[in-house]
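Heads up: the structure comes next, in structure tokens.
The values are calculated or read from the model by the stated rules, or taken from the named source; none is laboratory data. Computed from a predicted structure; not experimentally measured. Using ideal geometry, Cβ is built from the backbone for each residue, glycine included, and neighbour counts are taken over all protein chains shown. Surface areas here come from the heavy atoms of the whole protein model, side chains and all, with no ligands, DNA or RNA. Shrake-Rupley method; radii C 1.70, N 1.55, O 1.52, S 1.80 Å.
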Amino acid sequence: LAAKILTKSGIPPTVEFVTKPKTLPELLNVQRLNAYKMKVMPTHWFDKGFDDCYYEVHRVKYKRYLGEPTHGKAWGILTWKGKQVNDQPRKIQGGLKFNWKPYESPHAQGIYYDAEKAPLVERRRSNMLKAYSDAKKQEA
């Protein structure tokens with residue numbers, strides 16, 4: 001019976017929800033009990049190699065869309081490159097626009113990037129550092 005359901009309708013809705021990228025309200029709704037003080041980051045920050053950049057969520061206000069709380073607003077404190085940017089929670093921009101994931105410190109796990117994306121990120125970083133050093137030399 002299970003094989004018939006899986007092959008007939010494709011991927012079950014629960015598996016599809018777990019594997020698909022999530023917007024900020026969807027991610028926080030899954031972790032509803034643990035959403036306060038949860039650290040989240042947009043996936044494109046991770047892809048670009050921003051290691052110590054994340055939001056610490058302090059408040060969430062959900063809106064129901066088609067019966068599910070998939071829309072809403074969130075407020076939090078931004079930490080950028082290890083330094084706290086604001087003292088009071090501010091509205092988190094791009095909650096529905098970007099895909100979000102829970103923040104995991106790369107230093108705690110010893111893992112910095114995806115193995116497939118590591119060469120791209122390192123090349124991009126080395127190019128930026130080279131351009132920066134060239135600009136400094138021209139200024140001097």
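Pairs meeting the criteria (first residue in the range 65-82 and over 13 Å from residue 54 (Cα atoms), second residue open to solvent by less than 20 Å² (accessible area, probe 1.4 Å) and assigned to a strand (DSSP E or B), beta carbons under 8 Å, at least 6 apart or on different chains) are 74/57.
Among residues belonging to the range 30-53 that are closer than 30 Å to residue 123 by Cβ and touching a helix residue (DSSP H, G or I) at 6+ places or on another chain (Cβ under 8 Å), point out the one that is surrounded by the most Cβ atoms within 10 Å (Cβ to Cβ). Selected residue: 40. Taken together, the residues in the range 54-72 that are of a type in the set (A, V, I, L, M) and open to solvent by less than 60 Å² (accessible area, probe 1.4 Å) amount to 2. Consider residue 56 carefully, then state whether it is acidic (Asp, Glu) and modelled with pLDDT under 90. No.
Among the residues of the range 89-136, those that are modelled with pLDDT under 65 and hydroxyl-bearing (Ser, Thr, Tyr) comprise 112, 113. Restricted to the range 40-65, and to residues there that are assigned to a strand (DSSP E or B) and among the aromatic types (Phe, Trp, Tyr), the residue that is farthest from residue 29 (Cα to Cα) is 54.
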